[in-house]
């Protein structure tokens with residue numbers, strides 16, 4: 001069973017192509033025009049063991065908002081397409097990830113219902129030229145289109161870069177866990193409803 005997908009999204013603000021392989025080895029080819037954002041996306045790929053290619057051309061002369069949000073939307077669409085009918089999945093995933101003084105927890109459910117609970121008070125507003133408010137926008141775009149319930153909590157941290165990196169690493173690991181095929185669930189829907 002192939003768990004791969006490619007999605008292209010073109011608007012007046014952004015032109016984005018995302019391709020993913022959920023059963024990859026964590027290889028990435030990333031070019032969003034935003035160095036820090038590419039670094040965070042690479043954490044998802046590497047720690048989620050998802051091969052990921054994301055190329056984005058956005059209206060960065062305005063700011064990074066449209067690019068980051070639309071990458072989240074397009075990645076969410078690609079994930080929903082790649083995950084298929086959800087039969088045989090573990091469904092739930094969670095991870096705690098530390099980085100020096102920072103610690104974040106991510107829990108998610110491939111529920112078919114979009115929901116984001118995001119609790120992170122960053123210690124500064126900018127990481128280099130990257131506005132930390134956009135991290136929430138990325139995950140909101142993802143959950144709205146991947147149809148997942150996602151809880152993100154930064155539990156501690158003094159360095160905003162470390163706070164962000166633990167979030168993206170934990171997200172990758174939780175996504176990997178939830179999307180893992182459980183041989184005991186082969187052909188079965190991981191829900192008492194019989195549908196997700």
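Miscellaneous remarks
- Principal-axis tilt of helix 133-146 within the chain, Cα atoms, nearest 10 degrees: 20 degrees
- Helix 35-48 vs. the chain, principal-axis angle (Cα, 0 to 90°, nearest 10): 20 degrees
- The stretch 97-196, Cα convex hull volume normalised per residue, Å³: 100 Å³
- Note on the stretch 24-63 and the stretch 123-196: Cα centroid distance 15 Å, given to the nearest whole angstrom.
- Multiplying the residue separation of residue 192 and residue 156 by 0.36 nm and subtracting their alpha-carbon distance yields 9.4 nm.
- Crossing angle, helix 65-83 versus the chain [Cα axis fit, 0-90 degrees, rounded to tens]: 10 degrees
- Two-site label geometry, residue 126 and residue 4: point separation in nm, points 7 Å out along Cα→Cβ: 4.1 nm
- A convex hull fitted to the Cα coordinates of the stretch 27-134 yields 126 cubic angstrom per residue.
- Full-extension gain in nm, residue 92 to residue 15, via 0.36 nm per residue minus C-alpha separation: 24.5 nm
- Computed [θ] at 222 nm, helices only, for the chain once each DSSP H run of length n ≥ 4 contributes -39500 (n - 2.57): -11500 deg cm²/dmol
- Computed from the C-beta positions of residue 60 and residue 101 and an R0 of 30 Å, the FRET efficiency is 0.45 to the nearest 0.05.
- For the stretch 4-185, averaging the sequence separation of C-alpha pairs within contact (under 8 Å, six or more residues apart) and dividing by the residue count gives a relative contact order of 28 percent.
We did not get these values from a lab; they are worked out from the coordinates using the rules stated. Fair warning: this is a prediction, and the values are worked out from it, not measured in the lab. Note: ideal-geometry Cβ built from the backbone for every residue, glycine included; neighbour counts use all protein chains shown.
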